[in-house]
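A.B. asks: Submitted below is the structure of interest, expressed as structure tokens.
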Amino acid sequence: MAQIFHRSTNFIARFSLFSAIFLGGLALTGILALARSPYFTRQNIAREQPVQFSHKHHAGDDGIDCRYCHTSVESSATAGIPPTKTCMNCHSVLFNNAGYLEPVRESYRTDTSIPWVKVHRLGEFAYFNHSIHVSKGVGCSTCHGPVNQMPLVFQANTLLMQWCIDCHRNPEAALRPLDQVYNMDWKAPADQAKIGHDFAVQRKIRTTVELTSCSTCHR
Amino acid sequence: MKISASITGGILLAVCGLAFAGCNEELTRQDMANQPKYRPQAPSEFFPDGRSERPLIENTVARGSLVNDGLVVPKDSNVFPLPINQALLDRGEERYKIYCSPCHGLQGDGNGMIVERGMKRPPSYHIDRLRQSPNGYFYDVITNGFGSMYSYSAQIPPKDRWAIIAYVRALQLSRNAKGSELPESLRAKIAASGVESGGAIAKGEKE
């Protein structure tokens, strides 16, 4: 009986085995890359807001401290979106007939909330607390990026678990002098590894084992 | 025969319809990233004003805020209800820079950045009227506002208001301290710098 397959089909068999593995790996890589891409993490995508509020103008050009509006950042889990009254502290006088501020005035007049769009949104299975981070010396810009240069705020980091863990494994790299926490332009000095280590000891930062334990963030 | 078949079909269809009606996404697919709970300041469809955070009911006091009663000082009283120490002044300096300096300026002259942008210029702290105003007056202005300055009671808790008042007093003193009232170490420093120490020091530093 003659052979059904020619010898050359051996190559096709081997090649198909190889390409099944290769294509499978490629597909997996593609899926993982997509999950980390800005399309899913929304990194670097500026979000439209109901009012064209510019952090660049207020925090950058005017030099207003973050805490002027985000009053609860030092004392609670959330930094807090300010009430409309905080806007009116200045805008009752400044630009008080500008058209683009009408939603702010209307909100103040009618006691309704401005529906600000949340930019940094963690999954609700994650427990995050602002106050512990700022009081241990992690600066705003470490996570939020140069907000003082953002006309419309975008997420400067992925907010993926991997990104949280990177810092929890090596918190020394992010620790600043406590008077620099709200400085948007702070840059790590050359001897940050040493300074950061000293800060970690002084401020009793927990060990990496504790910081990367599941229940630290998933409670 | 034909009728019973169509009745059976109809019943089957109705059962299927009911079964699939249960497949509402919210009910069957519980996503852990979006749990049925309110996060702080999250919007709500339940309350008519759309807020999940409920305003304080009129004539009620938030739990824990009664401790501030001792910090309320009448407008015309010069009482200072807290012990004044370096920690309080440091806290006051920090809070002053956050909440007051945008208009009142870093030294209290009323020339802050927001004034440069066109806000009504507040009076300097170094005028006689404000140097002689009692502590309670400053507390009242921070709490209830004055002129085009809105109330800062939501942004600055009572203890911090007093820390700020202590710092404002320090700013006022810094331009009216007599050299002879300074501690020995500072007098030596001034003598070394060659500034006349008898009169008022022009630009005192907090030390």
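A.B. asks: What whole number of Å gives the distance from the Cα centroid of the stretch A:116-144 to the Cα centroid of the stretch A:70-95?
C.D. replies: One Cα centre to the other: 17 Å.
A.B. asks: Shifting gears a bit: Looking at the stretch A:76-159, which trypsin sites (Lys or Arg not before Pro) are DSSP coil and have at most 13 other C-beta atoms within 10 Å of their C-beta?
C.D. replies: A:Lys118, A:Arg121
A.B. asks: Expressed as a fraction of 2.2 N^0.38 Å, the rule-of-thumb size for a compact globular protein of N residues, what is the C-alpha radius of gyration of the protein assembly as shown?
C.D. replies: Normalised Rg, Cα atoms only: 1.40.
A.B. asks: Another question, then. In nm, give the distance between the simple-model label positions of A:Asn97 and A:Gln202, each being 7 Å from the Cα along the Cα-to-Cβ direction.
C.D. replies: Taking the two extended label points, one gets 5.3 nm.
A.B. asks: While we're here: Can you give the FRET efficiency for B:Asn34 and A:Ile165, using 1/(1 + (r/R0)^6), R0 = 22 Å, r = Cβ-Cβ distance, to the nearest 0.05?
C.D. replies: Working: r = 22 Å, r/R0 = 1.02.
After rounding, the FRET efficiency stands at 0.45.
A.B. asks: Round to the nearest 0.05 the FRET efficiency obtained for B:Arg131 and A:Lys85 when R0 = 41 Å and r is the Cβ-Cβ distance.
C.D. replies: On the way: r = 30 Å, r/R0 = 0.74.
Here the calculated transfer efficiency is 0.85.
A.B. asks: Using only the Cα atoms of the stretch A:97-219, construct the convex hull and provide its projected area averaged over every direction, in square nanometres to one decimal. Mind showing how you got there, number by number?
C.D. replies: On the way: hull surface 40.2 nm².
With every direction weighted equally, the projected area is 10.0 nm².
A.B. asks: Using the Cα atoms of chain A to build a convex hull, what is its mean projected area in square nanometres?
C.D. replies: One quarter of the hull surface, i.e. the mean projection, equals 21.0 nm².
A.B. asks: Set the Förster distance to 45 Å, then compute FRET efficiency between A:Leu32 and A:Arg7 from the Cβ-Cβ distance, nearest 0.05. If you can, show how the numbers build up before the last one.
C.D. replies: Working: r = 39 Å, r/R0 = 0.87.
Approximately 0.70, to the nearest 0.05.
A.B. asks: Which value, in debye to the nearest 20, describes the size of the charge dipole of the protein assembly as shown about its Cα centre when Lys and Arg Cβ atoms bear +1, Asp and Glu Cβ atoms bear -1, and nothing else is charged?
C.D. replies: Details: 46 positive and 38 negative charges, 158 e Å.
With only Lys, Arg, Asp and Glu charged at Cβ, the dipole is about 760 debye.
A.B. asks: Further, regarding this structure: Return a single number: how many Lys pairs in chain A, at a sequence separation of 8 or more or on separate chains, have alpha-carbon atoms below 18 angstrom apart.
C.D. replies: 5
A.B. asks: Please name which of A:Ser72, A:His120, A:Pro151 has its Cα lying farthest along the dipole of chain A towards the positive end, using unit charges on Cβ (Lys, Arg +1; Asp, Glu -1) and the Cα centre as origin.
C.D. replies: Checked the options; the winner is A:His120.
A.B. asks: Using just the alpha carbons, could you tell me how many Å³ per residue the convex hull of the stretch B:72-176 encloses?
C.D. replies: Numbers: hull volume 10.0 nm³, N = 105.
In the stretch B:72-176, the Cα convex hull volume per residue is 95 Å³.
A.B. asks: In the stretch A:26-108, what chymotrypsin sites (Phe, Trp or Tyr not before Pro) fall in a loop by DSSP, with at most 14 other Cβ atoms inside 10 Å? Don't skip to the answer; put the middle values down first.
C.D. replies: Details: sites: A:Tyr39, A:Phe40, A:Phe53, A:Tyr68, A:Phe95, A:Tyr100, A:Tyr108; in loops: A:Phe53, A:Phe95.
Passing sites in the stretch A:26-108 are A:Phe95.
A.B. asks: Further question on the same structure: Chymotrypsin sites (Phe, Trp or Tyr not before Pro), restricted to the stretch A:174-219: which are DSSP loop and have at most 13 other Cβ atoms within 10 Å? The partial results should precede the final answer.
C.D. replies: Values: sites: A:Tyr182, A:Trp186, A:Phe199; in loops: A:Tyr182, A:Trp186.
The qualifying sites: there are none.
A.B. asks: Toward the positive end of the charge dipole of the protein assembly as shown, about the Cα centre and with charges on Cβ (Lys, Arg +1; Asp, Glu -1), which of B:Ser77, B:Leu66, A:Gln180 goes farthest?
C.D. replies: A:Gln180
Quick note: the coordinates plus some simple rules give every number you see, no bench work behind them. Please read these numbers as outputs of a predicted model, since none were measured by experiment. Don't worry about glycine lacking a Cβ; one is built from the backbone with ideal geometry, like all the others, and counts go over all protein chains shown.
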